Amino acid sequence: MRFCVIGCGRWGAQLARTLVERGHDVSIVDVKADAFERLGTGFPGERIVGSGLDRDVLVQAGVERASGLAAVTFSDEINVAVTRAAREVFHVPKVVARLYEPQKAHIYRRLGIETISTIDWGVHRIADLLAYSSLEVSVSIGHGGVDLVEVEIPRLLAGRTVSELTIPGEAHVVALSRAGRTFLPTEGTILDVGDRVHLVLVPASVGRLRRLLGID
């Protein structure tokens with residue numbers, strides 16, 4: 001797949017390197033040529049000096065055949081303008097804008113633009129680490145609205161069924177890891193000592209889940 005990254009700050013450089021490591025073709029754009037030094041030596045992607053607001057620069061970066069574009073400059077306004085152009089003019093399937101002011105995120109989501117904010121994500125992640133203790137948060141979905149958590153089954157729940165960990169609309173088991181293998185359980189799957197269950201959870205229900213697990 002081909003991706004365009006607009007902005008070669010710390011975020012952009014790391015994102016570009018990560019995408020390349022995952023086997024994708026990447027072009028990265030920045031107004032300053034020396035910004036590309038953050039990519040390190042041996043970066044195989046295309047470096048383009050210019051503004052992401054310039055149509056010709058986006059075309060040079062391959063936006064017309066891109067599977068996705070991320071705008072991660074230091075300006076919310078530029079990031080949103082670039083992602084809107086990519087989506088509405090070039091019909092890029094997936095666009096993401098970095099925001100420094102997360103309170104604006106709901107406005108951009110109405111325009112079909114996914115956003116990510118370091119502050120917003122970081123606050124939720126710190127809260128997760130402080131509040132969940134033995135519940136390990138794998139990923140937060142929807143800016144912390146739903147979490148995917150992992151927990152080892154305590155001995156007292158051995159012999160019980162997966163259905164007993166379900167809180168309708170609040171917590172659901174989506175996978176189970178046992179003896180090095182992860183699979184999709186049914187509600188009747190019997191839990192065993194050493195099992196690790198993966199649940200999707202509404203953060204407000206963590207207390208109820210902890211009580212079910214006997215780790216309150």
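The values are calculated or read from the model by the stated rules, or taken from the named source; none is laboratory data. Predicted model only: the values in this text are computed from it and were never measured. In this analysis, Cβ positions are derived from the backbone assuming ideal geometry, glycine residues included, and neighbour counts consider all displayed protein chains.
In the list 61, 85, 97, 35, which residue meets the criterion of being under 10 Å from residue 4 (Cα atoms) and surrounded by 18 or more Cβ atoms within 10 Å (Cβ to Cβ)? Steps first, answer last, please.
On the way: 85 fails: under 10 Å from residue 4 (Cα atoms); 97 fails: under 10 Å from residue 4 (Cα atoms); 35 fails: under 10 Å from residue 4 (Cα atoms).
Answer to the check: 61.
Can you go through 90, 74 and tell me which one is in the same structural domain as residue 25 (by TED's automatic domain parsing), closer than 20 Å to residue 11 by Cα and not aliphatic (A, V, I, L, M)? Break it down into steps so the answer makes sense when it comes.
Values: 90 fails: closer than 20 Å to residue 11 by Cα.
Criteria check complete, one pass: 74.
Kindly provide the set of residues from the stretch 164-209 that are surrounded by 14 or more Cβ atoms within 10 Å (Cβ to Cβ) and β-branched (Val, Ile, Thr), ordered by number.
166, 167, 173, 189, 197, 200, 202, 206
Scan the stretch 180-199 and give yes if some residue there is at pLDDT 85 or above, closer than 30 Å to residue 103 by Cα and out of contact with any Phe, Trp or Tyr (no Cβ under 8 Å at 6 or more places or on another chain), otherwise no.
Checked the stretch 180-199: at least one residue is at pLDDT 85 or above, closer than 30 Å to residue 103 by Cα and out of contact with any Phe, Trp or Tyr (no Cβ under 8 Å at 6 or more places or on another chain).
Of all residues in the stretch 149-160 being within 31 Å of the chain's Cα centre (by Cα) and outside any loop (DSSP other than H, G, I, E, B), which is farthest from residue 202 (Cα to Cα)? Walk me through it before giving the result.
Just the residues of the stretch 149-160 that are within 31 Å of the chain's Cα centre (by Cα), to begin with: 149-154.
Imposing the further condition that a residue be outside any loop (DSSP other than H, G, I, E, B) reduces the set to 149-152.
Numbers: 149: 10, 150: 14, 151: 15, 152: 19 Å.
Taking the candidates together, the pick is 152.
Looking at the stretch 14-60 only, could you name the residues that are under 22 Å from residue 87 (Cα atoms), within 19 Å of the chain's Cα centre (by Cα) and aliphatic (A, V, I, L, M)?
Correct list: 15, 16, 19, 26.
Does residue 146 qualify as being at pLDDT 75 or above and either closer than 18 Å to residue 210 by Cα or in the same structural domain as residue 168 (by TED's automatic domain parsing) (or both)? Explain how you work it out, then say what you get.
Numbers: at pLDDT 75 or above: yes; either closer than 18 Å to residue 210 by Cα or in the same structural domain as residue 168 (by TED's automatic domain parsing) (or both): yes.
In short, yes.
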